[in-house]
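Data first, discussion second: the structure below is written as structure tokens.
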Amino acid sequence: RRRPVPAMQFEAEVPRGMQPGQTFAAQTASGLVTLQVPPGHVPGQKLRFFAPASAGGAQPVLLGAVVGTVAEGVPYGGPQGYVPGRPYRTDPKTASVDGMPLLQGLPVARADRKVEEIHKGAALAEQWPAFPAARRCRDVFWILPFVVVCVAVVGAAVHFAPSIGSEVAKEAGASDVKLPDVWTIIGAGGAGAGASLLASLCFAALAKRAPCCVVWTSLLFGPFMMMACGVALIAFGIVFLGLICIIVGALSLACVFCCFRQFIPFTIMIVEMVASVMKENPMMVCVSLLGSIMGIAWSFACGLAFAGAYQKFGRSIAESSGAERYGILFAAALIFIWGAQVAYNVCHVTYCGVFGRWYHQSDVNVALRKSLYVALTSSFGSICFGSFLVAAVRALEFVIRQARVEAQQDGNAVCCVILLLLECVVSCLGDMLEYFSEWAYVQCAVRGVSFIEAARITYSMMTCANMQYVISDLLINSVVNLGAICSGAVGGGVGAAAGWAIAGESAALSGAVIGGWSGLVAGSAAVGVLSSGAKTILALWAEDPEPLRRMRPEMHEELERRITSKLED
């Protein structure tokens, strides 16, 4: 049996002017070795490889620096699986199971299906280049039903508004408790909504000026608030529940410092990069304002329409069967969530277009105008389609939760457990669909493809670049959640104060509820630009890292380091 040839790991730098597929020579301890530039590698990028060690085991000198160590037990050619120095990304057009660590260990048939989907995504990406001169309207079928739903909801709101006002006035006259009229409620809620809009814009500006402070605050806010609630509960004599809150808050704080601390500098780098693009496009605040107004207006319209419909048909609904009531609940939840999702995703696709044009340096002077036009025209059908899918799953989750609550009230333990498990499954499905759709919308904004085509391209590029190792380190959603919570708190407080000033205690609660909800909507729309920007830049880097390497070399190197370090573990 022949003894394996001792091998040594070498490192070479891709020379200037070299393209993937071209070859160059590298000097090693045993002589010159011909290397081929792998797919995804660019000039200046390090390339590691194995070659036979010299007889004396001397350290090689390559590119003026000592690199590599002798690996006595490694046969020439390297071990199976991921080898340090191999490209961290694979060309999706030629991807195979052997070259993709993510597919290792899967059943053969399943892995082959995934590779086939990757090839389809690569073909679509090649067919539809980024930022074409002309775009076709995609998923047009879904625009008509959404418009019909919008017209029906707004028409119902206008129709039922007078009767709701009369009913509130009637109840106020018959009751000893003074109830506020509709316009007082709307005025208090409107004040809270306006304040929440201002608060959300201020938070976005703060994220641009002090990203480090915002990231740390977003992670520490939840644990400290939990412990503060625990102390308050103990002060009111609810000792057991207060201790639980303090323990949960302390454990969450420990997780931040022990588990998440290593991810915080990376998240700060992402927020700083996104904030720099926001500074170059300050008018994106107008898109945030538009999305906030659309979301708040849709909430008001649905509230009036649903309240009026229940006022007129409440008795018939109460006398209907359980299946009919759950069907009505599903339809109402679907309509409300669908509209809210469309309002949010119009902003998201617009943001993606702005950041995509910055990444590719395409039409940067008119990036906002063109991106908003795409979101409201050629990609609007895709927005309606993707939003409908998410809304359908979320509406189903809402109905299951309502059925579980009723089963719990009836004391049906078996049904309650079954519905709880089903609710968890549907909730996880909704989370995955909502999260992946946000990544897919990047391709809708950049290429103008349909929602399904965008999902295929996204899966292909993200898988071949091993982006799961980057996404798992990103804590950007904590920043977005903090912005929504702060905006909601400001909106609720101002709404309550406005209601108290207009009509006393009777209008304070209504103003707080309306203002708080408006704040959550406005905060999500305004601060969502951080999440949209991060997703766009990462998704486009997964496809082509060269633009980011030129504009932000430190971020490019950090992304490479995170992927390669985890592949080598």
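Of these, 367, 375, 395, which one is farther than 27 Å from residue 127 by Cα, assigned to a helix (DSSP H, G or I) and open to solvent by less than 30 Å² (accessible area, probe 1.4 Å)?
395
For region 352-364, which residues satisfy the criterion of being among the β-branched types (Val, Ile, Thr) and open to solvent by 10 Å² or more (accessible area, probe 1.4 Å)? The one that is among the β-branched types (Val, Ile, Thr) and open to solvent by 10 Å² or more (accessible area, probe 1.4 Å): 364. The residue pairs whose first member lies in region 424-436 and is of a type in the set (Asp, Glu), whose second member is surrounded by 12 or more Cβ atoms within 10 Å (Cβ to Cβ), and whose beta carbons are closer than 7 Å, counting only pairs six or more residues apart or on different chains, are 434/390. Scan region 300-320 for residues that are open to solvent by 60 Å² or more (accessible area, probe 1.4 Å) and either free of Cβ contacts under 8 Å to residues at least 60 places away in the same chain or not in a helix (DSSP H, G or I) (or both) and the total you get is 7. Of the residues screened, residue 528 is one that is assigned to a helix (DSSP H, G or I) and touching a His at 6+ places or on another chain (Cβ under 7 Å). Of all the listed residues (429, 334), the sole one being at negative phi, open to solvent by 50 Å² or more (accessible area, probe 1.4 Å) and in a helix (DSSP H, G or I) is 429. Return yes or no: is residue 243 farther than 24 Å from residue 340 by Cβ, part of a helix (DSSP H, G or I) and open to solvent by 50 Å² or more (accessible area, probe 1.4 Å)? Against the criterion (farther than 24 Å from residue 340 by Cβ, part of a helix (DSSP H, G or I) and open to solvent by 50 Å² or more (accessible area, probe 1.4 Å)), residue 243 qualifies.
For first residues located in region 465-485 and within 14 Å of residue 219 (Cα to Cα) and modelled with pLDDT of 80 or more, partners that are open to solvent by 50 Å² or more (accessible area, probe 1.4 Å) and of a type in the set (Ser, Thr, Tyr) and lie 6+ apart or on another chain with Cβ distances below 6 Å do not occur.
If you take the residues of region 401-426 that are β-branched (Val, Ile, Thr) and under 25 Å from the mean Cα position of the chain (by Cα), which of them is surrounded by the most Cβ atoms within 10 Å (Cβ to Cβ)? Applying the filter and picking the extreme gives 426.
Taken as a whole, region 131-147 holds at least one residue that is more than 22 Å from residue 445 (Cβ to Cβ) and open to solvent by 70 Å² or more (accessible area, probe 1.4 Å).
When you look at residue 250, is it on the phi < 0 side of the Ramachandran plot, over 20 Å from the mean Cα position of the chain (by Cα) and either modelled with pLDDT under 85 or aliphatic (A, V, I, L, M) (or both), yes or no? Taking the combined requirement at face value, the residue satisfies it. Residues that are out of contact with any strand residue (DSSP E or B) (no Cβ under 7 Å at 6 or more places or on another chain), over 29 Å from residue 446 (Cα atoms) and loosely packed, with under 15 Cβ neighbours inside 10 Å are absent from region 287-299 altogether. Is it fair to say residue 462 is touching a residue at least 60 places away in the same chain (Cβ under 8 Å), under 26 Å from residue 388 (Cα atoms) and part of a helix (DSSP H, G or I)? Taking the combined requirement at face value, the residue satisfies it. Within the option set 224, 260, being at pLDDT 85 or above, open to solvent by 60 Å² or more (accessible area, probe 1.4 Å) and over 30 Å from residue 164 (Cβ atoms) holds for one residue only, 224.
Listed here are the helices (runs of 4 or more DSSP H) enclosed by region 93-211 that have at least 1 residues being modelled with pLDDT of 75 or more and among the basic types (Lys, Arg): 108-127, 182-209.
The values are calculated or read from the model by the stated rules, or taken from the named source; none is laboratory data. If you're wondering where the values come from, they're calculated on a predicted model, not measured in any experiment. With ideal geometry, Cβ positions are generated from the backbone for all residues, glycine too; neighbour counts draw on all protein chains shown. Just the protein is used for accessible areas: all its heavy atoms, side chains included, with ligands, DNA and RNA removed. Shrake-Rupley method; radii C 1.70, N 1.55, O 1.52, S 1.80 Å.
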